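The values are calculated or read from the model by the stated rules, or taken from the named source; none is laboratory data. Worth saying up front: this structure is predicted, and the values here are computed from it rather than measured. Every residue, glycine among them, receives a Cβ derived from its backbone with ideal geometry; neighbour counts consider all protein chains shown. We work out accessible area using only protein heavy atoms, side chains counted, and drop any ligands, DNA or RNA first. Shrake-Rupley method; radii C 1.70, N 1.55, O 1.52, S 1.80 Å.
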Amino acid sequence: MDSIVTCRGVTKTFGTGELAVNALSNVDLDILQGDFATLAGPSGSGKTTLLNMVGALDHPSAGDVTVDGQSLGELKPAQLSDLRLRKIGFVFQSYNLIPVMSACENIEFVLELQGIAKSARRERSLEALRDVGLEGLEHRRPAAMSGGQQQRVAVARALVSRPAIVLADEPTANLDSKSAGELIDLMLNLNAEHGTTFLIGTHDSRVLERSRRQINMRDGEIESDTRH
Amino acid sequence: MAWRNVWRNPRRTVISLFVVSVGLWSILFFNALLNGWIQSSKDAALKLLTQDGQIHAVGFMDDPNVETLMKPPSGALLQALNTNVIEDWSTRIAVPSVVQSEYKTLPITLMGVDPENERRISTIPGDVDRGRYLESPDDYGVILGKHLVERLKTDLGRRVIIMSQNLDGTMSEWSFDVVGVFDSDQGVEDFYVFTGLAVSQEFLGLDDEIAQIVVTLPDHAELNPSIDTLKAAAPDLDVRSWKELNLFLAMTDDFMGVYIFVWLGIVFSMMAIGIVNTQLMAVFERTQEFGLLRALGMKPRRVLLMVSIESAILIGVGVLVGIVLAVLSIWALQGGIDLTVYARALEMVQAGSIIYVDYHPDGIVQYSLIIWILGILVALWPARRASKCSPQEAMRRDT
């Protein structure tokens with residue numbers, strides 16, 4: 001299977017001199033098309049730093065990250081923005097929906113950035129909402145939705161542009177058990193039905209138990225990489 | 001989206017709108033008031049005797065006497081006076097004289113005027129509150145100022161003696177009937193006495209000589225070109241605009257023009273502080289959101305544009321509210337601000353006793369655009385900060 005993400009010798013150092021901290025040390029990793037992988041490990045193990053590198057949100061101090069065949073180190077800031085827009089979907093712990101927009105508009109916004117025509121945007125947004133089980137809630141604003149519903153909108157937003165990979169950082173951390181379970185089901189279904197690749201940073205046992213590939217990190221290094 | 005973002009924090013938005021609208025209102029309203037004040041001062045001073053410009057024989061302004069007079073306009077000057085750059089004109093005699101009553105002798109300037117012309121160009125005929133104004137250039141009566149009448153202890157219907165040096169160097173001394181008393185600027189009341197033009201020429205032993213030609217203009221903005229036209233038509237005469245004849249008023253006029261820009265600068269500085277503060281607060285509050293937008297793929301330039309559009313809308317609404325407030329305030333004072341109780345004090349600064357607000361629609365548009373554009377420019381700073389938000393902010397955990 002093709003690699004969607006390739007990390008080779010990725011190192012990230014924060015600070016300099018005696019205060020320098022290695023958040024990532026020489027990480028090698030391949031995320032394959034259709035993977036439903038989790039990054040596990042205690043706080044400070046480097047999960048979020050690695051997600052930032054893969055998501056083109058930060059540059060490695062050394063090494064190289066490739067997303068869908070494009071080496072991020074070769075890209076300029078505007079090109080990185082474009083890559084994030086077209087190839088990467090993000091799901092955040094705190095949903096990060098735009099409060100002044102309805103559910104549908106939040107999803108449409110990504111397509112608007114891509115320059116897609118209004119009618120097509122609306123159609124694809126409604127379809128994405130249907131995929132995450134929120135049909136009929138398109139006009140609701142985030143404040144009028146539960147945490148679980150908001151996170152589903154965030155998933156729909158991440159998927160609507162049909163990205164090469166969806167990166168999720170602690171997506172269930174703010175959800176109750178029922179909502180978390182439903183969200184995991186949803187992501188697994190999308191992975192199975194559409195072949196969407198997921199890389200999820202989490203230490204939530206409910207997610208870890210159901211992941212198909214578990215990458216354990218400790219002190220900025222990959223401790224183990226297990227497929228179930 | 002920008003409109004919704006503007007109203008995300010209604011209290012802050014209202015504060016911003018208040019700052020912009022009150023700032024612009026103060027600029028527009030005080031501009032109208034100052035323009036009204038300037039216009040009132042000009043009307044009060046210029047429509048008495050100065051008018052928009054005067055022509056004299058060379059030397060008359062330095063030593064006004066019967067020997068420095070000139071012939072009535074003819075040739076090129078007469079043609080120039082009758083073109084459309086000149087609204088109206090008249091000729092006058094003005095010579096130093098003394099007026100004598102049974103009780104007192106006082107120095108005055110004797111003005112020989114054509115009453116018909118004066119009614120069109122001067123406010124003095126309308127200021128006659130007792131008796132009548134002169135009826136023709138051959139009217140042998142005199143018009144005295146109210147304060148002069150009090151000082152001379154004379155009155156309407158009585159006679160006064162006027163003395164002046166005539167053309168052959170001897171003193172002319174005639175007795176005149178007081179046919180009218182005018183109530184105007186005290187300086188004019190005290191020092192000017194009016195009689196018919198032909199009578200004054202006869203009194204001074206003149207043929208048709210005159211002391212001055214006074215002109216009014218149809219367009220005050222065209223003062224200098226009009227005066228230049230007259231200068232070209234009368235190169236041997238002393239042609240002056242009101243700005244050269246009334247230096248105090250000219251200085252006030254220039255100062256007011258500068259003052260409005262000083263006021264604009266002060267108000268705008270205060271507005272800029274308010275706009276930058278509130279917009280910076282808005283940007284700081286939304287740091288995570290801007291990070292999200294960047295993470296989702298929005299380019300910094302577009303973030304800058306989005307925040308700038310929000311500022312443009314916010315300041316634009318403030319500008320519209322400011323315009324409405326200013327127009328309402330100006331409309332409410334269309335009847336003029338009556339300062340009659342301070343009339344004598346206002347005379348000292350050459351202002352009229354009723355100040356009419358004077359606004360120009362193009363001025364309102366101009367100042368509003370200046371405020372709007374400058375507001376957007378200062379709001380670029382917070383917008384630039386927003387565009388520089390790191391996308392990692394969005395990934396940062398709240399817990």
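The three principal axes of the C-alpha atoms in chain B carry coordinate ranges of 106, 45, 28 Å, sorted with the longest axis first. At the residue level, A:ARG210 shows approximately 100 square angstrom of accessible surface with a 1.4 angstrom probe and all protein chains present.
The angle between the Cα long axis of helix B:300-332 and the longest principal axis of the Cα atoms of chain B comes to about 30 degrees, rounded to the nearest 10. Based on DSSP H segments of at least four residues, each scored -39500 (n - 2.57), chain B has a per-residue ellipticity at 222 nm of -16500 deg cm²/dmol.
For region B:85-120, the residues whose amide N sits under 12 Å from a probe point set 7 Å from the Cα of B:ARG158 along the beta carbon direction are B:100-105. So if I average 1/r over every pair of distinct C-alpha atoms in the protein assembly as shown and take the inverse, what Kirkwood radius in Å does that give? For the protein assembly as shown, the Kirkwood estimate is 31.5 Å. Each of the peptides A:200-206, B:233-239 was scored by the mean count of other Cβ atoms within 10 Å over its residues; in descending order, highest first, they stand as A:200-206, B:233-239.
Tilt of helix B:287-296 relative to the longest C-alpha principal axis of chain B, in degrees (0 to 90, nearest 10)? The two axes meet at around 60 degrees.
Between helix B:10-45 and chain B there is an angle of about 10 degrees, using the helix long axis and the longest principal axis of the Cα atoms. In this structure, A:THR226 and A:HIS139 have a Cβ-Cβ separation that, at R0 = 30 Å, corresponds to a calculated FRET efficiency of about 0.10. May I ask for the distance between the Cα centers of region B:149-199 and region A:60-106, given as a whole number of Å? The two parts, judged by their Cα centres, are 94 Å apart.
Averaging 1/r across all pairs of distinct Cα atoms in region B:1-152 and inverting the result yields a Kirkwood radius of 20.5 Å.
Neighbours of A:PRO163 by Cβ distance under 12 Å: Lys/Arg scored +1, Asp/Glu scored -1, total +4.
Short-range pairs are left out: with C-alpha atoms under 8 Å and at least six residues apart, the relative contact order of chain A is 29 percent. Which GluC sites (Glu not before Pro) in region B:17-108 pass both tests, a DSSP loop state and at most 14 other beta-carbon atoms within 10 Å? Of the GluC sites (Glu not before Pro), the ones in loops of region B:17-108 whose Cβ has at most 14 other Cβ atoms within 10 Å are B:GLU67, B:GLU102. Considering only alpha-carbon pairs that sit under 8 angstrom and 6 or more positions apart, the relative contact order computed for chain B is 27 percent.
Each 5 Å bin, from zero up to the one with the longest distance, holds this percent of the alpha carbon pairs of region B:127-216: 3, 14, 22, 24, 20, 12, 4, 0. Here, P(r) means the percent of Cα pairs in each 10 Å bin from 0 to the largest distance; for region A:8-73 it is 20, 53, 23, 3, 0. For chain B, lysine pairs separated by 8 or more sequence positions, or belonging to different chains, with Cα-Cα distances below 17 Å total 7. Taken about its Cα centre, the protein assembly as shown carries a charge dipole of about 4160 debye when Lys and Arg each add +1 at the Cβ and Asp and Glu each add -1 at the Cβ.
Placing unit charges on each Cβ (+1 for Lys and Arg, -1 for Asp and Glu) gives region A:67-109 a dipole about its Cα centre, and among A:LEU75, A:PHE109, A:LEU97 the Cα reaching farthest toward its positive end belongs to A:LEU75. Seen from a random direction on average, the alpha-carbon convex hull of chain A projects onto 12.6 square nanometres. Using only Cα atoms, locate the centre of region B:37-102 and the centre of region B:113-136, then give the distance between them in Å, rounded to an integer. Distance between centres, Cα-based: 16 Å. With the charge dipole of the protein assembly as shown set up from +1 on Lys and Arg Cβ and -1 on Asp and Glu Cβ about the Cα centre, the Cα lying farthest toward the positive end among the listed residues B:ILE315, B:LEU49, B:GLY336 is that of B:ILE315. Counting only other chain Cβ atoms within 10 Å of each residue's Cβ, the peptide A:90-96 averages 6.
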